[in-house]
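Each remark here refers to the structure printed beneath this line.
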Amino acid sequence: MLKLSKKYLVWSAVIAAVLFLIVQVACDLYLPTVTANIIDNGVAKNNIGYIWSEGFKMLFVAMVGVLAAAGNIYFAATQSQKMGKKIRSAMYRKIMYLSDQDLDKFGDASLITRNTNDVVQIQNVMIQVLRMMFMSPIMLVGAISLAFVKSPRLTIVFFVSLVVLAIVVVIIMSFAGPLFKKLQSKTDKLNLIFREGLTGVRVIRAFNRDAYEQNRFDHQNRNYAKNGIKVFMIVSLMFPVMTLILSGTNVGIVWFGAKMISHNALAVGNLVAFMTYATQILISFMMLSFMFVFIPRASASAKRINEVLEVEPSIKDPKDDHERNIADNETSLSFEHVDFKYGQEDHLALKDINFSANRGQTVAIIGETGSGKSSLVNLVPRLYDVTNGEIKLNGVSIQKISQAELHRNISITQQKAVLFTGTIRENMQYGNENATDDEIWHSLQVAKADEFVNDEIGGLDAPVEQNGSNFSGGQKQRLVIARTILKNAAVYIFDDSFSALDFKTDAELRMALNKDSKIKNAITLIVAQRISTVANADLILVLQDGKLVGSGTHDELVDNNSVYRAILDSQLKKGGANNG
Ligand SMILES: Nc1ncnc2c1ncn2[C@@H]1O[C@H](COP(=O)(O)OP(=O)(O)OP(=O)(O)O)[C@@H](O)[C@H]1O
């Protein structure tokens, strides 16, 4: 937590909060002495004038104390909120720069918990730190010193109480601390199940798994609640124990104080002041001990936040950032002996892949499910890095090109169509901010999306809801294809983008794509399942179990590649069966 505080707190505001606090504590500590003076020198001696003057002094000191407390609360509250805001921004920025490989390590649910719950923990503790954490020690030292001055002998009474209190706090903390940490990981699991249920709600209903999923959630929810009840039960034990100790201390002080008064060893006013100091001391100690419960909890949150903030992106920019203008050169793309495996997996998802393509060419990748098609195209924009070998764009290894420059030159449609909340125009301009309405309409026409983006739904101003949920699967696919085409790029990648389209639309869309001037001047990579989608490509790569088992044109592969022929035969049979 120290690391986060150093980075995200404004120290001038922290100093202001502490200064206000010192004034507040000084006022609080001075008031019992004024009370003692009023009793011993005013009431006991029937000196009304003294009572009035000390009374005004008391009022003034109390008002200064209240104003100082307000000042402290203002700085403590604003600083803790601002710190939370800065941490959330930093986490979001970091997540945006992490590769899929880095994000896989945390998981979506955990990242959401870290950016919400964990940050709130830190905010809550920070406001307490800026108040209690500083106030309690100052109050403790001040009150003990002043109480000692009033009566060294009576001080022994609350020293005994302090020792008892310390033992109680240590016992309670040793039980509560680990349970607080567990609560965090249980929140992660609860969020994970909730999120899965939310995104998969249609599948759950379709498979009649409502009861199963409800049980799974209830089990985790119960688990979480049980842990929560346990930890708060333990912590709530603190209150009655503290009250008992506080009352016991007061009884002890009055008992011994009364004896001292009867022997003229203590004035009545001083006994009253002493009791106030004793209460201040024990309450400060209680507050301090609460901090010892909450700080470890917030430290666990800080650790989880730091894990994200400090993770080294596995995909880095080259040190001598090559800002090459790739688009101006003769475009070429080559894979040279590329091997690839995911994270800690043992097996290679891609083995010794070699091919090259030039401007204007279309390379299609075909193969059975899990053969490595998506893995191959994801390596081009460096969503993952190769394990061995090299990928070159215009003869330059992509690892030697800055990611910003690389991404400027690549336009990709991924397997899952992702749209953002906003309008069609905003979604289209995602890769080309300056695109005019005419250009957008042209892309929509090429992608066959102009058929449903019409005046009836509001044209380019039609709303797009969360995840594009107001469009069908095929419509979403066409919109993301249009967005991909609208961007000016040297390499266009369509990862299984045509699978949600019917055969007729698929054929029409590819024909329109082939005629598009941007596509004609670029390299196009198409991942597909259907032979009909890839048949016209300049180069077809056939993948099987991560290996390139064939490459060439459709006719060449039909003649001499058994895997390709097998795919073709199975699709012809299926087509026949469907037709028949
Ligand atoms: N994030 C990941 N972590 C670990 N392994 C993965 C990951 N993504 C894919 N794989 C594995 O890599 C292999 C290739 O997967 P890939 O998604 O590239 O296949 P694909 O040919 O595109 O399949 P499909 O046609 O079903 O989309 C598979 O064995 C898959 O299980």
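Here is a check on your reading of the model: is K351 within 14 Å of the ligand (Cβ to nearest atom) and in a strand (DSSP E or B)? So K351 passes the test.
For D118, the conditions (1) surrounded by 21 or more Cβ atoms within 10 Å (Cβ to Cβ); (2) more than 30 Å from S314 (Cβ to Cβ) are fulfilled apart from (2). Looking at R304, R359, just one residue is of a type outside the set (D, E) and either within 16 Å of the ligand (Cβ to nearest atom) or under 35 Å from the mean Cα position of the chain (by Cα) (or both), and that residue is R304. In the stretch 421-452, how many are in contact with a strand residue (DSSP E or B) (Cβ under 7 Å, 6 or more places away or on another chain) and in a loop (DSSP other than H, G, I, E, B)? Final tally of qualifying residues: 1. Examine the stretch 437-459 for a residue that is touching a Gly at 6+ places or on another chain (Cβ under 9 Å) and either assigned by TED's automatic domain parsing to the domain that holds A528 or under 28 Å from I398 (Cα atoms) (or both), and state whether such a residue exists. Within the stretch 437-459, none of the residues are touching a Gly at 6+ places or on another chain (Cβ under 9 Å) and either assigned by TED's automatic domain parsing to the domain that holds A528 or under 28 Å from I398 (Cα atoms) (or both).
Among the residues of the stretch 413-445, count how many are β-branched (V, I, T) and open to solvent by 10 Å² or more (accessible area, probe 1.4 Å).
Here is the first cut: in the stretch 413-445, the residues β-branched (V, I, T) are 413, 418, 421, 423-424, 436, 440.
Narrowing further to those that are open to solvent by 10 Å² or more (accessible area, probe 1.4 Å): 418, 421, 423, 436.
Counting residues in the stretch 413-445 that are β-branched (V, I, T) and open to solvent by 10 Å² or more (accessible area, probe 1.4 Å) gives 4.
Selection over the stretch 364-407 of residues that are more than 15 Å from the ligand (Cβ to nearest atom), touching a strand residue (DSSP E or B) at 6+ places or on another chain (Cβ under 9 Å) and not in a loop (DSSP other than H, G, I, E, B) gives a count of 14.
Within the stretch 335-348, take every residue that is buried (at least 21 other Cβ atoms within 10 Å of the Cβ) and more than 16 Å from I526 (Cβ to Cβ) and give me the one that is farthest from the ligand (Cβ to nearest atom). Outline the logic, then answer.
Step one: list which residues in the stretch 335-348 are buried (at least 21 other Cβ atoms within 10 Å of the Cβ), which gives 335, 338, 340.
Narrowing the set further to residues that are more than 16 Å from I526 (Cβ to Cβ) leaves 338, 340.
Working: V338: 13, F340: 9 Å.
Checked the stretch 335-348; the qualifying residue farthest from the ligand (Cβ to nearest atom) is V338.
Pick from V231, V251: which is part of a helix (DSSP H, G or I) and either touching a residue at least 12 places away in the same chain (Cβ under 8 Å) or among the polar types (S, T, N, Q) (or both)? Criteria check complete, one pass: V231. So for the stretch 106-114 (the condition being modelled with pLDDT under 90, surrounded by fewer than 16 Cβ atoms within 10 Å (Cβ to Cβ) and touching a Phe, Trp or Tyr at 6+ places or on another chain (Cβ under 8 Å)), does at least one residue qualify? The answer is no; no qualifying residue exists. Meeting the requirement of 2 or more residues that are touching a Lys or Arg at 6+ places or on another chain (Cβ under 9 Å), at pLDDT below 90 and closer than 24 Å to V120 by Cβ, the helices (runs of 4 or more DSSP H) wholly within the stretch 1-102 are 2-8. Looking only at the stretch 447-469, residues that are open to solvent by less than 40 Å² (accessible area, probe 1.4 Å) and out of contact with any Leu (no Cβ under 6 Å at 6 or more places or on another chain) come to 6 in all.
The values are calculated or read from the model by the stated rules, or taken from the named source; none is laboratory data. A quick note: this is a predicted structure, and the numbers were derived from the prediction, not measured. Here Cβ is always computed from backbone atoms with ideal geometry, including for glycine, and neighbour counts include all displayed protein chains. Note: accessible area is taken over every heavy atom of the protein model, side chains too, but ligands, DNA and RNA are not part of it. Shrake-Rupley method; radii C 1.70, N 1.55, O 1.52, S 1.80 Å.
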